[in-house]
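Written out below as structure tokens is the structure these notes cover.
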Amino acid sequence: MAAVIIGMIASILLTAGGYAYQEGTQAWGNDIRRKAEQIAKQIYTKLSANSQTREKLMEAYQQKDSSLLSSLINQAGYSNQKVALTKAITNARKEYNTKKKELDRENTELTNQYNKVNNAANYSGSTLSANRWAEDTVNEVDNLVNGGYHEEEKIQQKA
């Protein structure tokens, strides 16, 4: 009889322990997901700003190019001005290409970080090891995107 009671108690404890484990894992995963979503929004905002900047840069380059070309046509016969305008077009093109490459590189990096955070959010909540990996990934991306200042603020607020 005592063995049956002990078996029942052990079964209840195992069931309750498994339930508590799963609840704890999911709660931790939810915290990770919330942080990942916050960082993903920040990355998306930066990507959007970069896209707008790139569009403005292209528009400005195209307008400058058109206006310089019109000036060249209108001022044909003034070789000094033609040389200066040609040089301005060349400089504008170099500056445009340099800034565009920088924006493209940054957009690629931000997109990679955005995908990394979303993957971490998707894996969190399933197991302890998945949560650990997801939390490490989210913190790594947070440090890259925000310099980790959010964590420092939280530590200072707790103290």
Discussion item. Restricting to the stretch 98-151, name every residue that is part of a helix (DSSP H, G or I), at pLDDT below 85 and loosely packed, with under 13 Cβ neighbours inside 10 Å.
Written reply: Leu128, Tyr149
Worksheet entry | Long-range neighbours under 7 Å by Cβ, at least six apart or interchain, first residue touching a residue at least 12 places away in the same chain (Cβ under 8 Å) and under 9 Å from Arg33 (Cα atoms) within the stretch 120-131, second among the acidic types (Asp, Glu) and surrounded by fewer than 19 Cβ atoms within 10 Å (Cβ to Cβ) | Ala121/Glu37
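The values are calculated or read from the model by the stated rules, or taken from the named source; none is laboratory data. Values in this document were obtained by computation on a predicted structure and should not be read as measured data. Note that each Cβ is placed from the backbone with ideal geometry, even for glycine, and that neighbours are counted across all protein chains shown.
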